[in-house]
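What follows is calculated from the coordinates using simple rules that are stated; it is not laboratory data. Quick caveat: nothing in here was measured; it's all calculated off a predicted structure. Quick reminder, even Gly has a Cβ in these numbers, built from the backbone with ideal geometry, and neighbours come from all protein chains shown.
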Amino acid sequence: MLAAGALLASLLGPALVYGAFDVGYGNDDDLSRSLLFEVAIYEPEEVIPGYWFIAPYARITQEKHPNQNTCDFRVFEANDTTFLSAILTPYHPKDPTGHAIIFDSSMQITQRHHTPNALVPFNMHEFNVIHNGKTAMHIIQKSQLMDVSHLKDNPGIKSGLVVDMGIREFDLVTGETTFKWWAGDHVNLNASTYPVRNLNGPFPNAWDWIHLNAIDKNHEGDYMITARYTDAVYKISGKDGHIMWSLGGATSSFVMDAFNFTRPHDGRFLSSDATSETITLLDNGGCEESISAETSSALIIHLDKSSEPWTATFHELTSSRHRPDDGRSEKRGNFQLLPNGNAFVGWSENSYISEHSPDGRLLMEAQFTSHRFVTYRAYKFNFTSAPSEPPVLKAFAYGESVDQSVSVYYVSWNGATDVAIWEFYDEDDALLGRAPKSGFETTFSRSSRYRDKVYAVAVSAGGVVLGKTVLEDVEYPRSWTVSDGRQEPDDRREGSMSSGEKDEL
Ligand SMILES: *[C@@H]1O[C@H](CO)[C@@H](O)[C@H](O)[C@H]1NC(C)=O
Ligand SMILES: *[C@@H]1O[C@H](CO)[C@@H](O)[C@H](O)[C@H]1NC(C)=O
Ligand SMILES: *[C@@H]1O[C@H](CO)[C@@H](O)[C@H](O)[C@H]1NC(C)=O
Ligand SMILES: *[C@@H]1O[C@H](CO)[C@@H](O)[C@H](O)[C@H]1NC(C)=O
């Protein structure tokens, strides 16, 4: 089944599609005006309401392209309303370090946050606004000389450059840092199972030894980080920064009962009591030479600290959601537990997503029809937006003559969530017709006398007018003679259906 993507998936989509046109993917047959998802819904009544938040990109480094990639695109609550946040990735000619952005529900950017050190790129993995919009957490990074003699695969070097990573929490109003922590001060380099020396990037030739990809904070004020290259998650004291426990990897504080994970992503606190904690985690299952599972899975892990040794368990039946196609996501991905206990999982490749019931049944799976775009993460949220930019209309007339014509109107409103009906009017405000909103762009056609100017009005399900387009000229075939002379002959169309489509992207 082919369906238009959830509306918000397109919020940043169309601009990014542009950026990817020239990346040399062969022809562009896989692209259309907005990105299309192939969707299979198995149990429609069990899939909860909400929009998908997906930020597609073709290549993470876009030096040569006009648009910036977006990561970690999501909703947060503050000031009794909802906002959107995202990371604009670094290495763009006009914004080499990238930065984080916040949008309000009119789809205007209201805040931009750069890293405190202007020379260091904003890490692309996590921008997590918490405490009702007061603070945000992100991953910090620096290169520094360390004793690397115990680093795996080290060819005998004593002191070498590593990419150290850490956590920063800061006040969104004042910019003041409220918590800062570096992994290299607390975790031994020899815990790294996969030190990678990248030739390019911000720290050429430095060992990327831990590769943090997620930060969470619990009600007690402690943090959890997920580390791809030490195969572990760590709980960190918000008071003094000591590691309260680690799970997985070389130094696990827990005996792991009949399960393991490698190259994990997106560790999150779920619940806790005096002697136990429950967390969620995406087990990617490994990459390259180090593979622990054929397929990736989303895990709910129970940590029992009631007696020594501490144990970590998970229950195959209720808490593991395997990637539905049995594939392995070697990079990226996330696992969001929805309010009713459904699992929403981003498997990253082709923006593959799935929703599962609390007992693990597959309810829905979807991915882009185009195979050139990944998304770093995918989320599901409710969100209401009323963009301050007006909707956009293009109108074309076809046929033999003014009196015997068919007019086709194309209308869209990027980011608007509440449009139910589009109404079309001529310049004398006479209603020409109505069409239920359908997908990203609604098409409406009517055969009756040509009107030379039209506009469209967006109406909610409750009948409220949400916005209207400007009055647009209807483009008509060159062969027509139209008496008002408003169009110069050279501006007229050739009369083919496809002309003008490029303007809408
Ligand atoms: C919430 O309101 C306060 C006070 O007006 C403001 O400083 C803050 O920026 C707002 N938060 C967001 C996310 O806009
Ligand atoms: C890692 O380094 C620490 C500190 O030097 C040492 O105690 C530990 O035994 C080492 N672990 C491994 C697996 O080599
Ligand atoms: C853990 O991972 C290894 C591969 O590294 C695998 O062979 C083993 O079966 C896994 N153990 C469990 C209990 O899943
Ligand atoms: C969206 O709102 C509905 C109604 O309140 C709720 O049942 C559902 O869980 C929400 N969806 C998400 C993704 O939070």
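Data for the structure
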| item | result |
| --- | --- |
| Ratio Rg/Rh, restricted to segment 328-426 and using Cα atoms, in which Rh is the Kirkwood radius | 1.17 |
| Value of [θ]222 nm, deg cm²/dmol, for the chain, DSSP H segments ≥ 4, -39500 (n - 2.57) each, nearest 500 | -500 deg cm²/dmol |
| Cut-off under 5 Å, modelled amide H: who pairs with ILE130 long-range | THR135, ALA136, MET137 |
| Förster radius 45 Å - calculated FRET efficiency between ASP325 and THR82 (Cβ-Cβ, nearest 0.05) | 0.90 |
| Label-point separation, THR311 to ARG478 (7 Å along Cα→Cβ), nm | 8.0 |
| Other-chain or far-sequence residues with amide H under 5 Å of LEU212's (modelled H) | ARG228 |
| Potential extension, GLU46-GLU294 segment - 0.36 nm per residue separation minus Cα distance | 86.5 nm |
| Among HIS114, VAL39, SER407 the positive-end extreme of the charge dipole of the chain (Cβ point charges) | HIS114 |
| Approximate spin-label separation LEU199-SER460, in nm, with each point projected 7 Å along Cα-to-Cβ | 5.6 |
| ASN260 versus SER388: modelled label distance in nm, points set 7 Å from Cα along the beta carbon direction | 5.4 |
| Segment ARG449-LYS158, length gained on full extension (0.36 nm per residue, minus Cα span) | 96.5 nm |
| Restricting segment 88-172 to trypsin sites (Lys or Arg not before Pro) in coil, as DSSP defines it, with at most 16 other Cβ within 10 Å | LYS94, LYS134, LYS152, LYS158 |
| Pairwise FRET efficiency - GLN404 versus ASP426, Cβ, R0 = 22 Å, nearest 0.05 | 0.80 |
| Whole-Å semi-axes of the ellipsoid equivalent to the chain (Cα gyration tensor, √5λ, descending) | 48, 24, 21 |
| Vicinal HN-Hα couplings computed from phi for segment 99-105 (Karplus, 6.51 cos²θ - 1.76 cosθ + 1.60; Hz; Gly/Pro x) | 6, 9, 10, 10, 10, 9, 6 |
| Other-chain or far-sequence residues with amide H under 5 Å of ALA378's (modelled H) | ASN334, GLY346 |
| Label point 7 Å beyond Cα of ASP147 along Cβ direction - residues of segment 218-245 with amide nitrogen under 11 Å | none |
| Range in the chain, longest, excluding exposed GluC sites (Glu not before Pro) [loop by DSSP; at most 14 other beta-carbon atoms within 10 Å] | 64-175 |
| Whole-Å semi-axes of the ellipsoid equivalent to segment 279-361 (Cα gyration tensor, √5λ, descending) | 22, 17, 10 |
